[in-house]
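The values are calculated or read from the model by the stated rules, or taken from the named source; none is laboratory data. Everything quoted here is computed from the prediction, not taken from an experiment. Cβ coordinates were reconstructed from backbone atoms using ideal geometry, including for glycine residues, and neighbour counts include every protein chain displayed.
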Ligand SMILES: [Ca+2]
Ligand SMILES: [Ca+2]
């Protein structure tokens with residue numbers, strides 16, 4: 001059976017904005033339905049920009065042969081190796097005798113450069129300097145952004161304002177926080193109606209072709225409370241709410257992105273936790289219904305709280321969550337922590353001997369701008385409190401743990417021929433401090449940081 005349904009969804013997702021650490025870094029590959037029922041079916045998955053992203057196991061050329069053996073499932077999930085190089089990698093699925101058009105999809109790796117935006121409106125009263133007004137009467141008054149309740153627009157094109165002048169897409173922000181007050185409206189059927197929009201593909205917050213998210217407060221009796229909507233080319237889908245009376249109207253709103261999830265908190269209450277990874281990055285702003293709703297905005301902050309300055313802890317034997325957030329939840333393996341770390345992160349490593357992997361080519365590879373500190377007991381709250389001479393932290397390339405430094409160099413009794421070639425690989429702007437490095441073989445490095 002060679003049905004067309006398989007032809008339309010052979011590579012999923014269709015398009016994805018991803019960052020190096022943002023799941024899901026994988027593609028689902030479907031062969032046309034049923035084609036491998038009776039015989040093997042071979043396809044080739046290629047990336048046109050393997051330096052950006054490529055199928056795992058494909059090698060530097062970005063080409064991976066996939067065999068769907070007879071009778072086995074006609075769907076495979078192929079992990080992607082996503083680099084730290086920004087760009088778009090387009091994937092194509094090639095078949096030896098295609099019964100469907102070539103299937104293709106793409107992954108965009110966003111720039112790692114953090115584009116953060118914040119504004120506390122400390123400028124003089126007048127037009128907001130860092131914002132772009134699409135509709136309505138917005139101004140800075142007494143160090144706040146204020147929407148004047150009078151408006152002459154049709155309600156469908158309500159007052160809208162976008163961060164940035166000109167509007168700037170906020171790629172990389174994983175946290176949006178703002179104080180917002182919806183002051184009482186004139187009492188129409190819609191009541192107070194307004195809120196935020198984010199991850200918009202277009203800076204204009206209303207209209208017929210919008211794509212992105214909005215979170216709104218509305219007082220209307222039949223759907224009072226918070227709404228969470230996703231718009232796809234102007235078609236709106238409710239993905240959260242209405243909350244009715246479950247939550248009061250808060251004045252501190254916060255949106256965070258955690259992998260595929262988007263969470264919305266108001267005054268500290270978790271209002272929405274929605275799995276939706278359709279949009280990331282894009283434009284941010286505020287809007288209100290044109291019925292006399294007035295807004296008062298302050299302390300706008302869009303940032304990636306995890307992008308830099310994060311402290312990740314590593315401690316052998318740790319059995320907690322393994323996310324590095326505390327000594328209890330430390331990474332037990334330094335190599336795993338390094339894989340999870342980003343530019344600007346600090347790694348604190350408790351005493352012990354750490355090896356980089358199982359191969360002679362294994363190495364502790366520090367990315368640009370990472371700092372690695374050893375010499376911790378595994379309890380310290382500050383970096384200054386560590387003591388490297390008391391809490392020896394060793395990076396070792398002695399994979400078999402059998403080195404005997406008392407034998408002369410070149411003597412097989414040193415047992416160093418199986419050791420790693422390079423124990424540590426540094427980049428520009430990396431820091432390594434408080435470690436003893438032993439057991440490299442290629443250059444016999446013995447750095448005492
Ligand atoms: Ca202010
Ligand atoms: Ca050895």
Worksheet item: Where in the range 338-449 are there strands (runs of 3 or more DSSP E), lying fully within it, with 3 or more residues that are more than 23 Å from residue 311 (Cα to Cα)?
Response: none
Worksheet, complete the sentence: Of the residues in the range 174-211, those that are in contact with a strand residue (DSSP E or B) (Cβ under 9 Å, 6 or more places away or on another chain) and modelled with pLDDT of 75 or more number 26
Discussion item. Whether any residue in the range 299-320 is part of a loop (DSSP other than H, G, I, E, B), modelled with pLDDT of 95 or more and touching a strand residue (DSSP E or B) at 6+ places or on another chain (Cβ under 6 Å) is what I want to check.
Written reply: yes
Worksheet item: Do we have any residue at all in the range 6-24 that's more than 16 Å from residue 106 (Cβ to Cβ) and modelled with pLDDT of 80 or more?
Response: no
Fill in: Enumeration of residues in the range 310-339 that are closer than 27 Å to residue 421 by Cβ and surrounded by fewer than 16 Cβ atoms within 10 Å (Cβ to Cβ)
336, 339
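Please find, among 384, 448, 433, 403, the residue that is modelled with pLDDT under 85, over 20 Å from residue 317 (Cα atoms) and away from ligand 1 (no atom under 16 Å from the Cβ).
Sole residue among the options that is modelled with pLDDT under 85, over 20 Å from residue 317 (Cα atoms) and away from ligand 1 (no atom under 16 Å from the Cβ): 448.
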Worksheet item: Exactly one of (1) at pLDDT 80 or above; (2) on the phi > 0 side of the Ramachandran plot is unmet by residue 87. Its number?
Response: (1)
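Determine which member of the set 154, 167 is exposed (fewer than 14 other Cβ atoms within 10 Å of the Cβ) and either out of contact with any strand residue (DSSP E or B) (no Cβ under 9 Å at 6 or more places or on another chain) or modelled with pLDDT of 85 or more (or both).
Residue meeting the stated conditions: 154.
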